[in-house]
Every structure is written in C-alpha cells, then in structure tokens.
1. At q = 0.12, 0.14, 0.15 Å⁻¹, what is the log10 ratio I(q)/I(0) for region 95-254, with the Debye formula run over Cα points and no solvent?
2. Among the GluC sites (Glu not before Pro) in region 117-223, which ones are in a DSSP loop with at most 14 other Cβ atoms within 10 Å of the Cβ? Mind listing them?
3. Take V229, project a point 7 Å from its Cα along the Cβ direction, then tell me which residues of region 55-81 have their backbone nitrogen under 11 Å from it.
4. What GluC sites (Glu not before Pro) does region 1-104 have in DSSP loop regions with at most 16 other beta carbons within 10 Å?
5. What does the accessible area of M116 come to, in Å² to the nearest 10, when a probe of 1.4 Å is used?
6. Quick check: at a probe of 1.4 Å, how many percent of the accessible area of region 189-228 sits on carbon and sulfur atoms?
7. For region 76-134, with all protein chains present and a 1.4 Å probe, just round the carbon and sulfur fraction of the accessible area to a whole percent.
8. Given region 118-201, what whole percent of its Cα pairs are spread farther than 16 Å?
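The values are calculated or read from the model by the stated rules, or taken from the named source; none is laboratory data. Just so you know, these numbers come straight off a predicted model, no measurement behind them. Cβ coordinates were reconstructed from backbone atoms using ideal geometry, including for glycine residues, and neighbour counts include every protein chain displayed. Surface accessibility is based on the protein's heavy atoms, side chains included, excluding ligands, DNA and RNA. Shrake-Rupley method; radii C 1.70, N 1.55, O 1.52, S 1.80 Å.
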Amino acid sequence: MTNKPLRILSLGAGVQSTTLLYMMVKGEIELPDHVIFSDTGWEPKPVYEHLAKLEELMQQHNIPFHKVTAGNIRSDVLRTDGSRVALLPTYMKNPNNSKGMMQRQCTAEYKINPAMKKHRELVGLKSRQQSKEHLGTTIFGISYDEIQRMKDPPFSWLRNEYPLIDMKMTRQMCLDWCEQYGYDLPPRSACIGCPFKSDHEWRLLRDTMPDEWQDAVDFDNEYREAVRVRGKLSSIPFLHKSLVPLGEVDLRTSKEKGQFSLFGEDQFDQECEGMCGV
C-alpha cells in the first residue's frame, strides 16, 4: 500500500489531456506520479506520432509512463470464431427499416478497464480488492465546456480531479494555451472507425488521412459481414448515421448541398462520452 495517494494522469493524447501534461511539465500544475494511456490499437497515425513526442517529454521530466491495452479493437471485433466480442456504438438498420443504435462496450473494455487494472497495480490493490483508504487520484482532461462529463469514481479508494474545469478552461482555451506557449497542437484522438464522428470529422479523415479513411471504409464493410456471419443480430450495423456504407455517404456540407441549418451542421449528432481521447 502507498502512504500518500498517487496522482495519476489519464492520458488520451487528445487536446485536453495533452494540455494538462504540458501545464504539469511547465509547473502550472503539480506533476503526476504516473501517466496511463490505454491503447486500442486503432488510433490514427498522427495520434501515435504525437504520443511518441509526449513519451519523450515525460522521460525528460522523469514521469513514469504506462501504455496499457486490452488488445487491438479492430481485429478483435471482427472475430467470427464464436468468442465474445465487445459491442461498438454502431447505427443499426432494424428489420422494419427503423433506426437504432447499438449499446457501447468498447470504451469500458478497451479504455477504462485496462487503465483501472493498472491503477490497482500502482496503488497496491489486487483484483477486486477494496480499501476505505484514499490510495489514488485520477486526473482527467475534461474541459469546462464538457462539465457534464464529470463523474464520481467507482471505488472508495479512488478520487477524481478535473483541473481544467477548476480553471474554467474550455477546449478552445486549451488550444490557445498550447499555441501561446509554443507547444505542438494535439490531434483529435479517437479510434479510426469510431461511429461518434461527426460529418466534419469524417471529411477531415477522408481529406487529410486517406489511408485511415480507406481503413474505416474497409472496416465498415468487414464489420457488417462479421455480424452477418455471427448470426446473432437481425439488424445491420453502419458506422455512419445515414445507414449507408461509409464509402457511399454524401459528406458534403449543408452549404455545399444548398441547405441552411438554423442550428449549424451536426447540431444533433450523437456525442461521445468523452473518455476515449480527452
């Protein structure tokens, strides 16, 4: 057991958690005792390149870094050997042509659970062991404009901290801070084929990362085939909300289509919980 609660930064390598790390090494926030990154194995190349730079930064400041994983989510969810696979929050075309959305298990199984396992190891707890003592504090990079994503920790031995919310820093303010102090602007961190992408993010993937875009298009088709072979669902999954194969989706903006939206594009898109790439 530890005498002093460990401070552990949950690093998603996205804008907010990266900004927190920068602020820590700059001395504006206390350095963490450990940093944990949960790797799904399916981030875009720019995210892994950015993470490699952060690893060098942490080495320079003697911050212990732990990359944990539950496997490669892309290959895992395509298995058809009868073994259990995690559900993705895909849009579902039901037999009566109505639209639904699959329950999400990927965040818990590929992000939260591996990190929590490492948390237990670092504070000296075995699997399922409990303690009433405050052993660890998880530091989350959730910004002030995402205050609704704050959550209580699942165990009595754990506390959560949200420094960006305490400082009332929004995501844009994080980007401004990075630019002000000359730090590399972090990329958007999310699985290549995450269904929570907005049309803007799908266009960005298509136009700036053609290899990742093709990977997502291929996966979209492969996943439908895997679900068909498994034969456990009567509904058909799609990565895009239109219920159209990703490679065939019309990703033009409303303006390009000659339409006008009072609320702005993608206003009513589904939103990610925010635990994957903050």
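1. The calculated log intensity ratios at q = 0.12, 0.14, 0.15 Å⁻¹ are -0.81, -1.01, -1.08.
2. Values: sites: E121, E133, E146, E161, E179, E201, E212, E222; in loops: E133.
When the GluC sites (Glu not before Pro) of region 117-223 are filtered for loop state and at most 14 Cβ neighbours within 10 Å, E133 remain.
3. Of the residues in region 55-81, 78-81 have backbone N under 11 Å from the label point off V229.
4. Values: sites: E28, E30, E49, E55, E56; in loops: E28, E30.
Here the sparse-neighbourhood loop sites are E28, E30.
5. 30 Å²
6. The C+S portion of the solvent-accessible surface of region 189-228 is 51 percent.
7. On the way: 1630 of 3410 Å².
Answer for region 76-134: carbon and sulfur cover 48 percent of the accessible area.
8. Details: 2325 of 3486 pairs.
Of the Cα pairs, 67 percent sit more than 16 Å apart.
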